[in-house]
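Inspection log for the structure reproduced underneath, given as structure tokens.
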């Protein structure tokens, strides 16, 4: 297979740079965060380690840390994947209603899986949280995909995303005061979202957050359309980078950046960062053909949903201790135990993905 320089799909219908970006994003929440916090505890006098660990936590309200970018970046990546999948479906003559049914079937499954991650199997319905990360991904991507099926033009998808972000901006500024209890997000979640709320007065995966995430997923579809339809690599990279810079800077002028309510400033900023991250990966891996370094990331990225569920539903921390605990206890100095455990946790997660990768098993919904 020839080296890719025009955005064509490789490796069993997969875009290598997209898998690598998804893998990098997922690595943060399946061990890298734990490892950086452990290193910060070991090197308490290191400003670099302390700053890295600080970024492995969410901002209390306003502001943006690396950890705040993980979830929305995954939504953006899902939008890119949808765009590529839809284009492939159109070329194969797949009916639009079949693609629509598949989108909402996937959304329903993700909602149910989100309930499982939240503890639905405990059957404690009085303390059940129905909003979830997976549920938000499923519903927002299905909604964005439905819009994408109606408007196949990349430009009109961009218009739809901008209109949604503008609508959310108007609702948040005129319908509330951008505080936890006074935001319109809190009002909507308290009145219309069943179950308990993650932040007591609102839920970061609540109703209006899903609307904002829909705009982000649509923006990902725009990014995917640019990658697959702009044939000249220099022009393609210029467009991706230019849009990324425009939205990253523009997000600073759209109001406060608040993850818990997916404020417009936050969503616009994440659109920018999504374009910039994808541009960097696409340039390095697909255009320049430097793929070998990204192999560990692609192993995770090809089965991101699988490893997320494994590490969040199963007692993965206890499993790591059972497998590696003896070696860590007797072979590693005491002050390095937490670092060794975090490293083992990450390696075990990667190894499970590698077993699937070797057998060309890519679990998806």
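The values are calculated or read from the model by the stated rules, or taken from the named source; none is laboratory data. Quick caveat: nothing in here was measured; it's all calculated off a predicted structure. Positions of Cβ are generated from backbone atoms using ideal geometry, with glycine treated the same way; all protein chains shown enter the neighbour counts.
The table for this structure:
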{"item": "Flag for residue 145 being surrounded by 15 or more Cβ atoms within 10 Å (Cβ to Cβ), more than 18 Å from residue 265 (Cα to Cα) and in contact with a helix residue (DSSP H, G or I) (Cβ under 6 Å, 6 or more places away or on another chain)", "result": "yes"}
{"item": "Tally of residues being in contact (Cβ under 8 Å) with a residue 24 or more places away in the chain and under 17 Å from residue 81 (Cα atoms) across the range 136-178", "result": "19"}
{"item": "From the options 225, 176, residue that is modelled with pLDDT under 95 and either touching a helix residue (DSSP H, G or I) at 6+ places or on another chain (Cβ under 7 Å) or under 16 Å from residue 265 (Cβ atoms) (or both)", "result": "176"}
{"item": "Among the candidates 269, 219, residue that is crowded, with 20+ Cβ neighbours inside 10 Å, within 18 Å of residue 160 (Cβ to Cβ) and at pLDDT 95 or above", "result": "219"}
{"item": "Near pairs, Cβ below 9 angstrom, 6+ apart or cross-chain, from the range 65-94 (free of Cβ contacts under 8 Å to residues at least 24 places away in the same chain) to any residue that is not in a helix (DSSP H, G or I)", "result": "65/55; 65/56; 65/57; 65/58; 65/59; 85/13; 89/95"}
{"item": "Some residue of the range 12-31 being within 19 Å of residue 237 (Cβ to Cβ), over 20 Å from the mean Cα position of the chain (by Cα), modelled with pLDDT under 95 and not in a strand (DSSP E or B)", "result": "no"}
{"item": "Selected residue [free of Cβ contacts under 8 Å to residues at least 12 places away in the same chain, exposed (fewer than 15 other Cβ atoms within 10 Å of the Cβ) and in contact with a helix residue (DSSP H, G or I) (Cβ under 9 Å, 6 or more places away or on another chain)] from 355, 280, 290", "result": "290"}
{"item": "Checklist (1) touching a helix residue (DSSP H, G or I) at 6+ places or on another chain (Cβ under 7 Å); (2) modelled with pLDDT of 95 or more applied to residue 199, failing item", "result": "(2)"}
{"item": "Condition met for residue 58 (at negative phi, part of a loop (DSSP other than H, G, I, E, B) and touching a residue at least 24 places away in the same chain (Cβ under 8 Å))", "result": "yes"}
{"item": "Any chance residue 318 is surrounded by fewer than 21 Cβ atoms within 10 Å (Cβ to Cβ), on the phi < 0 side of the Ramachandran plot and touching a helix residue (DSSP H, G or I) at 6+ places or on another chain (Cβ under 8 Å)", "result": "no"}
{"item": "Top-ranked residue in the range 332-341 [being surrounded by 10 or more Cβ atoms within 10 Å (Cβ to Cβ) and free of Cβ contacts under 8 Å to residues at least 60 places away in the same chain; ranked as farthest from residue 31 (Cα to Cα)]", "result": "332"}
{"item": "Residue in the range 179-186 that is in contact with a strand residue (DSSP E or B) (Cβ under 6 Å, 6 or more places away or on another chain), over 27 Å from residue 225 (Cα atoms) and surrounded by fewer than 20 Cβ atoms within 10 Å (Cβ to Cβ) present", "result": "no"}
